[in-house]
Structure formats: structure tokens, C-alpha cells
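Note sheet for the following structure.
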Amino acid sequence: LETGNTYAASTLIAISAILDKARPGENILAVSYGSGAYTIATWLRVENGIRKREGCGPKVQEYLSRRREIDFPTYVSYLADRIRREKRRLTYPRVVGEVEDTGDGSLEVLLCLGCNRVYFPIRNRCFQYDCEGPLEKITLPRRARLIRIIDLPIKQRRIFDITVMRGGYVYIVDSEPNELKPGVELEPVIRRLNYEGSDGLIIYGPCYRPMFRRS
Ligand SMILES: [Zn+2]
């Protein structure tokens, strides 16, 4: 697999690629090793149920063929970005869109208005022990269609603001501006939404990208 070193994800990506081709009755031995002090080996046996899952999502190879090659100067600029302080790294301008539900189900997401946090999956109370909320449950579409990109002031695009999601808008990722035409189909994907600093949390939650999964 030509993925480069994906670290903790590499074993899972390799298993996914094997499962894409596996047939019932086959055995898979997955062994992860690396710079740590130990190794884990897992034995998987492929059951009949795998046939039902066929075609449920893109194959690993399809993800790989979707990659975009970048030139060396672009790589260096990404690298410079990576070693920047985390706070600055996450303050890139965000893209916010208004979307409509295509009627393929929904996701429940919990917002804490007290501390500007997003919880997905939802939980009973805010993670912050002394936070009184209030908490607000919102639903996001499992499949969506872009109505329009919201033109926010650049200052507002550089922070994570929960009122954006509360107002029925979504954050859009993994796309070039020319892909984001009204009517384009979007799917949710989990991305980092906020970084609270060295004594806080990194907040992950659903964002949207142009549709890639088939079903
Ligand atoms: Zn809270």
C-alpha cells in the first residue's frame, strides 16, 4: 500500500485493504510493530457476514487513487505548517455552508453552549465537571446538498464558533473552492474542530465534504 507512514492508522488501513478482498473462511494475522517497546498480534477470521458489507463504502484502493500528488515546495509548506504551534495550525480560515437534508437519515450532535464544545457521539452532560451548559441537541443530515457557501468575515472564519452549527450551518472540509457549487452532494466526516490550548481538549466533530461514499 503506498500510503507512506500513517503511524497508528497503518495497521487498520492494512486490515481494511485485506478485508476488501477477503472471502469467508480466510484467516488474517495482523501484527503491528514499530518504535514502541512491544508488539500486538491479532488473529481475525473472516465470516460469511462480510458478503453483506460488500460495497458499503469505498475500498482502500479507491481512497488511494483519489489522492492528489503535490510538488516539493507544497510539501515543504505543509511541513512548516505542521511544526508550527498547534494553536496557529488550527486557525486556518474555515469554510461554512448552508445545506439541505437529502432525507437519508440524520446524526445527533450535542452542543455545549457553556464552553463552546461539540460532542459526537452525544453524552448526558458536558465533559467539563463544573460546566452547567446549557446543552443543546442538534441533528445533522447523513447526506446533504449544498445550498450556498456562507460569506463570513475573515475574523469569524478563523475561530471555531459553536453558534455557526447552532444556526443550522456546517463546516466544510477536504474540498477545493471550485468543487463547492450549489447542489453538490455532501457527506459527513469527522474532523478536528477546535483546539483549546495545552490544558484543554482537542474537539472533534462532524464536518462535510463532497460525497465520496457510494452508499
Ligand atoms: Zn460545557
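Worth a mention:
- Hz values of 3J(HN,Hα) by residue in segment 111-125 - Karplus curve (6.51, -1.76, 1.60), Gly and Pro given as x: 10, 9, 6, x, 10, 6, 10, 10, 10, 9, x, 5, 9, 6, 8
- Across segment 156-161, coupling constants 3J(HN,Hα) worked out from phi with the 6.51/-1.76/1.60 Karplus curve, θ = phi - 60°, read 6, 7, 9, 10, 8, 10 Hz, and Gly and Pro carry x.
- For segment 83-178: relative contact order, % (alpha-carbon pairs under 8 angstrom, 6 or more apart): 41
- Acute angle (nearest 10 degrees) that the helix 10-19 long axis makes with the longest principal axis of the chain, alpha-carbon atoms: 60
- Residues whose amide H lies under 5 Å from that of residue 102, counting only those 5 or more places away or on a different chain, are 143, 144, 145; hydrogens are built 1.01 Å from N in the peptide plane.
- Rounded Å value of the spacing that divides the Cα centres of segment 92-129 and segment 27-52: 33
- Of the residues 159, 149, 65, the one whose Cα sits farthest toward the positive end of the charge dipole of the chain, with +1 on the Cβ of Lys and Arg and -1 on the Cβ of Asp and Glu, is 65.
- Extending 7 Å from Cα along the Cβ direction at residue 123 and again at residue 178 yields two label points whose distance is 4.3 nm.
- Cut-off under 5 Å, modelled amide H: who pairs with residue 193 long-range: 203, 204, 205
- Efficiency of FRET between residue 51 and residue 83 - r from beta-carbon atoms, R0 35 angstrom, step 0.05: 0.15
- Amide H contacts under 5 Å for residue 95, placed H, 5+ residues apart: 172
- Whole-Hz couplings from phi, Karplus 6.51/-1.76/1.60, listed for segment 28-43; x for Gly and Pro: 10, 10, 10, 10, 10, 8, x, 7, x, 8, 9, 9, 10, 10, 10, 9
- Helix 72-82 vs. the chain, principal-axis angle (Cα, 0 to 90°, nearest 10): 70
Every number in this text was worked out from the coordinates using simple rules, so none of it is lab data. This structure is a prediction, so every number in the text was calculated from the model and none was measured. Don't worry about glycine lacking a Cβ; one is built from the backbone with ideal geometry, like all the others, and counts go over all protein chains shown.
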